[in-house]
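Q: Just passing along the structure, written as structure tokens.
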Amino acid sequence: MTETKCFAEVIAGKCAVLTCKKCQGHENCTMFKTEEQAKIDHEKAFERIASLPIETQEYISKAFYSGKMPWHKVVKKHDKN
């Protein structure tokens, strides 16, 4: 069975990502992702940031993560597996 619950649906069809008033349904939305797909994409993004030069990582951490580098935890978790 295909999962049809979107990671961005917060309450009764409201989308946390798009500005639409009501969810158009997974078959009509180009942003649709399951919780699992969103988690995988998030981890891939963090792995990509971790592969950048440290100066770039520091810039990203200051600009978007209050100086923290949460992607290091994700990369270390994958290295242990």
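Q: Per q in 0.15 1/Å, what log10 I(q)/I(0) does a Debye calculation on the alpha-carbon atoms of the chain return?
A: One equal scatterer on each Cα of the chain leads to -0.70.
Q: Within 10 Å of each residue's Cβ, count the other Cβ atoms and sort Thr56, Thr19 from fewest upward.
A: On the way: Thr56 11, Thr19 5.
Sorted ascending by nearby Cβ count, the order is Thr19, Thr56.
Q: Kindly put Phe64, Phe7, Phe32 in sequence by how many other C-beta atoms sit within 10 Å of each C-beta, fewest to most.
A: On the way: Phe64 10, Phe7 18, Phe32 21.
With the fewest neighbours first, Phe64, Phe7, Phe32 line up as Phe64, Phe7, Phe32.
Q: Among Thr56, Val74, Phe32, whose Cα sits farthest toward the positive end of the charge dipole of the range 31-81 (+1 at Cβ of Lys/Arg, -1 at Cβ of Asp/Glu, about the Cα centre)?
A: Among Thr56, Val74, Phe32, the one farthest towards the positive end of the dipole of the range 31-81 is Val74.
Q: Please report, in debye to the nearest 20, how large the charge dipole of the chain is about its Cα centre when each Lys and Arg carries +1 at its beta carbon and each Asp and Glu carries -1 there.
A: Values: 14 positive and 11 negative charges, 51 e Å.
Dipole magnitude for the chain comes out near 240 debye.
Q: Tell me, Ser61, Ser66 in order of fewest to most beta-carbon neighbours within 10 Å?
A: Values: Ser61 17, Ser66 7.
If I rank by nearby Cβ atoms, fewest first, I get Ser66, Ser61.
Q: Something else now. Defining a contact as two alpha carbons under 8 Å apart and six or more residues distant in sequence, what relative contact order in percent does the range 16-81 show? Could you put the intermediate results ahead of the total?
A: On the way: 24 pairs, mean separation 18.3, N = 66.
28 percent.
Q: If you don't mind, there's one more thing I want to ask. Please give, to one decimal in nm, the separation of the simple spin-label points placed at Ser66 and Glu36, each 7 Å out from Cα toward the Cβ.
A: 3.3 nm
Q: Could I have the simple spin-label model distance between Ile11 and Ser51, label points 7 Å from Cα toward Cβ, reported in nm to one decimal?
A: In this crude label model, Ile11 to Ser51 measures out at 4.0 nm.
Q: Here's a follow-up. Report, in deg cm²/dmol and to the nearest 500, the calculated mean residue ellipticity at 222 nm for the chain, where each DSSP H run with n ≥ 4 adds -39500 (n - 2.57) and the sum is divided by the residue count.
A: Details: 3 runs with 37 residues, N = 81.
The helix contribution divided over the chain gives -14500 deg cm²/dmol.
Q: May I ask you to derive the FRET efficiency for Thr19 and Tyr59 from their Cβ-Cβ distance with R0 = 35 Å, giving the value to the nearest 0.05? Working shown, then result.
A: Numbers: r = 28 Å, r/R0 = 0.81.
The value I calculate is 0.80.
Each value in this text was obtained by applying a stated rule to the coordinates, not by laboratory testing. These numbers come from a predicted model, not from an experiment. Every residue, glycine as well, gets a Cβ built from its backbone with ideal geometry; the counts of neighbours run over all protein chains shown.
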